[in-house]
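Structure first, then comments.
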Amino acid sequence: MPPRHHRLPITTAYDQRYWCHPCELTHLDRDTDLDAITWTCKRCGHPVLVDLDDFKGNAITVERVSARAIRRDDYVILEHNLQLCLVLKSEKSGAGRWYLALQGHRGAPVDANRYYNRIPR
Ligand SMILES: [Zn+2]
């Protein structure tokens, strides 16, 4: 597995707020309160919730999980345009790779550790 810092980071351009439901904390600081590689709360280890807003009508709350944690019938929010997509297929695709098929998009193998915005189940 490549070093963690070699991963292409997910964009944070639309991030408005980070919060943790189990800890009942509503304004986490990205630099001190959460792990910005795994997008989990440093206190409890639970995925943090991220309020996204592009101020063009797309506002939604997501959690950030790696491709390997995504399941069929999940919904993901594309990081660059906040488009909602149903996951049609999600399965292992060789060493360190993951195959994701999103509705309306061509399926492609991705790094299994690549992070996606997912609608909490
Ligand atoms: Zn927490």
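The values are calculated or read from the model by the stated rules, or taken from the named source; none is laboratory data. Computed from a prediction, not measured in an experiment: that's the story for all the values here. Here the Cβ positions follow ideal geometry from the backbone for every residue, glycine too, while neighbour counts run over all protein chains shown.
Only a single item in (1) under 15 Å from the mean Cα position of the chain (by Cα); (2) modelled with pLDDT of 95 or more; (3) in a loop (DSSP other than H, G, I, E, B) is not met by LEU28, and it is number (1). Can you work out which of the residues in region 67-121 that are of a type in the set (S, T, N, Q), within 23 Å of HIS46 (Cα to Cα) and within 14 Å of the chain's Cα centre (by Cα) is surrounded by the fewest Cβ atoms within 10 Å (Cβ to Cβ)? Looking at the filtered set, the residue picked out is ASN113.
Taken together, ARG68, ARG118, ARG72, ARG43 contain a single residue that is among the charged types (D, E, K, R) and under 13 Å from ILE10 (Cα atoms), which is ARG118.
Can you confirm whether GLU63 is within 16 Å of the ligand (Cβ to nearest atom), surrounded by 15 or more Cβ atoms within 10 Å (Cβ to Cβ) and either under 12 Å from the mean Cα position of the chain (by Cα) or in contact (Cβ under 8 Å) with a residue 40 or more places away in the chain (or both)? For GLU63, the condition - within 16 Å of the ligand (Cβ to nearest atom), surrounded by 15 or more Cβ atoms within 10 Å (Cβ to Cβ) and either under 12 Å from the mean Cα position of the chain (by Cα) or in contact (Cβ under 8 Å) with a residue 40 or more places away in the chain (or both) - is met. Residues that are in a strand (DSSP E or B) and in contact with a helix residue (DSSP H, G or I) (Cβ under 9 Å, 6 or more places away or on another chain) do not occur anywhere in region 65-85. Looking only at region 31-56, residues that are within 14 Å of the ligand (Cβ to nearest atom), surrounded by fewer than 18 Cβ atoms within 10 Å (Cβ to Cβ) and not acidic (Asp, Glu) come to 7 in all. Based on what the data block shows, is ALA13 away from the ligand (no atom under 16 Å from the Cβ) and among the hydrophobic types (A, V, I, L, M, F, W, C)? When the stated conditions are applied, ALA13 passes them.
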